[in-house]
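Notes for the one structure printed next.
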Amino acid sequence: MCIICGQRLDEESGVTFGYIHKGLRLNNDEINRLRNIDMKSLLQHKKLILVLDLDHTLLNSTQLGHLTPEEEYLRSQIDSLEDVTKGSLFLLNSVHTMTKLRPFVHTFLKEASQLFEMYIYTMGERAYAYEMAKLLDPKREYFNSKVISRDDGTQKHQKGLDIVLGQESAVLILDDTENAWTKHKENLILMERYHFFASSCHQFGFNCKSLSELKSDESETDGALATILKVLKQVHNIFFNELSDDLVDRDVRQVLKTVRSKVLEGCKVVFSRVFPTKFQAENHHLWKMVEQLGGTCSTELDSSVTHVVSTDPGTEKSRWALKEEKFLVHPRWIEASNYFWKRQAEDNFPVEQSKKQ
């Protein structure tokens, strides 16, 4: 019911913003009005909007019953919930979960908050989202009520910016799942997944030891969050300091596209036995990834080719690369360059002969 005129509103009109206030529903005109006000305020304070996924992006959680025998030692290494800023491994009995914060996350949030207004947006349930927000932001400095869970979404199994009160031209998204953002891929920075627990590896079909089983972890200084913070600072700097058009007409999606297109600039790639057929090549995600990163792809060998991407050193194209002293690299070289927003050292991605059974 409208609080001004008392008229009953159509149930289907507008969008519900239950994470801001229970039962709050705004019509499209009001949403646009609030977004315009918010945009002016953000730009005055030299801020953009950053939407953050939780699982595999900022942290990794596991159900207690899913701990493997090799992970049982973790139960004796739990950090206190009294001061979560001093720990990274927590036992949350209320949601029957053990959670490991990604290395560098506290520094990441502190520094990102100077440049962005931040939201949490998870496919997890609301109770879980709130518990995670308490670990990441115990003083409610960064997110306050801006914690969106799957209960708030307008589409099943999808995330959308329709429930974020910000202009899409000012929003960046950090998430490990590209398919969750089918309508907003231009806003997305794809994160390398953080697999601390064994259950996380198994969930994604990896038959390998997890970081916890190896008693290891990502690097604080060179890990995913430290890398992406540099990218965020670079995009923010270009948006506010290096563009000539009016501030309100600038679009962070274009800035992101430009920064991404410098990563493999000057590289010309030929694939060898990576795709089943030539027809599938140009539609393959690796082909598209190279192009987004500023490289070019070809199906033919010539002197301008810089890289042959293959999984088999014995193919004709692989042998040509070695003979012509071109780079011969595994497909993971492209993916790593994409995650780290920087051309990776080719020597770290050799193509090795597969071991015969």
message: Take GLU82 and SER261, extend 7 Å from each Cα along the Cα→Cβ direction, and tell me the distance between the two endpoints in nm.
response: 5.5 nm
message: I'd like the Karplus ³J(HN,Hα) series for region 40-47: coefficients 6.51, -1.76, 1.60, θ = phi - 60°, whole numbers in Hz, and an x wherever there's a Gly or Pro.
response: 4, 5, 4, 5, 4, 8, 6, 10
query: Each label point is 7 Å from the Cα along the Cα-to-Cβ direction; what then is the distance between the points at SER113 and GLN203, in nm?
result: 2.6 nm
Region 233-357 - charge dipole about Cα centre, Lys and Arg +1 at Cβ, Asp and Glu -1, debye rounded to 20: 480 debye
message: Keeping all protein chains in the complex and leaving out DNA, RNA and ligands, what accessible area do you get for MET123 with a 1.4 Å probe, in Å² to the nearest 10?
response: 60 Å²
message: I'd like the FRET efficiency for GLN254 and SER304, computed as 1/(1 + (r/R0)^6) with the beta carbon distance as r and R0 of 22 Å, rounded to 0.05.
response: 0.20
Within a Gaussian network of the chain (alpha carbon springs, distance under 10 Å), most fluctuating of LYS326, LYS268, LYS185: LYS326
- request: On a C-alpha basis, how far is the centre of region 158-184 from the centre of region 200-269 in Å? Whole number, if you could?
  value: 16 Å
- request: Evaluate Rg over Rh across region 263-348, taking Cα atoms for both radii and Kirkwood's formula for Rh.
  value: 0.92
Largest-first ordering by accessible area, 1.4 Å probe, given options ARG102, ARG193: ARG193, ARG102
message: Quick check on the chain: helices-only [θ] at 222 nm, where DSSP H runs of length 4 and up contribute -39,500 (n - 2.57) each and the sum goes over total residues. Nearest 500, please.
response: -7500 deg cm²/dmol
message: Let me check I've understood the local charge: for PHE143, count other residues with C-beta under 12 angstrom from its C-beta, Lys and Arg +1, Asp and Glu -1. What total comes out?
response: +1
- request: Over the chain, with every protein chain in place, what whole percent of the accessible area is carbon and sulfur at 1.4 Å, could you tell me?
  value: 48 percent
In sequence order, calculated HN-Hα J values of region 55-70 (Karplus, 6.51, -1.76, 1.60; Hz; x Gly/Pro): 5, 6, 10, 9, 7, 9, 10, 9, 5, 4, x, 9, 5, 7, x, 6
- prompt: If ligands, DNA and RNA are left out, what is the accessible area of THR177 with a 1.4 Å probe, given in Å² to the nearest 10?
  reply: 50 Å²
- line: Which residues qualify? For CYS297, with a placed amide H closer than 5 Å and at least 5 residues away or on another chain, they are VAL269
Probe 1.4 Å, accessible area per residue of region 263-348, Å²: 55 Å²
field: Greater than 18 Å apart at Cα, pairs in LYS40/LYS134; LYS110/LYS134; LYS139/LYS159; LYS233/LYS262; LYS134/LYS159; LYS110/LYS233
entry: LYS40/LYS134; LYS139/LYS159; LYS134/LYS159
message: Rg and Dmax in Å for the chain, alpha carbons only: what are they?
response: 22.9, 80
- request: Assign unit charges at the C-beta atoms only (+1 for Lys and Arg, -1 for Asp and Glu), then state the dipole size of the chain relative to its Cα centre in Debye, rounded to the nearest 20.
  value: 140 debye
field: Residue list for region 307-337, given a label point 7 angstrom along the Cα-to-Cβ vector of ASP347 and an amide N cut-off under 16 Å
entry: 326-330
For LYS323, net neighbour charge (Lys/Arg +1, Asp/Glu -1) across residues whose Cβ lies under 11 Å away: 0
- request: Just tell me which aspartates and glutamates come within less than 15 Å, Cα to Cα, of LYS268; anything on the same chain fewer than 8 places away is out.
  value: GLU282, GLU291, GLU300, ASP302, GLU324, GLU325, GLU346
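The values are calculated or read from the model by the stated rules, or taken from the named source; none is laboratory data. Since this is a predicted model, take the numbers as computed values, not measurements. Cβ sites come from the backbone with ideal geometry, for glycine too, and all protein chains shown count toward neighbours. In case anyone asks, the SASA skips ligands and DNA or RNA and just uses the protein heavy atoms, side chains included. Shrake-Rupley method; radii C 1.70, N 1.55, O 1.52, S 1.80 Å.
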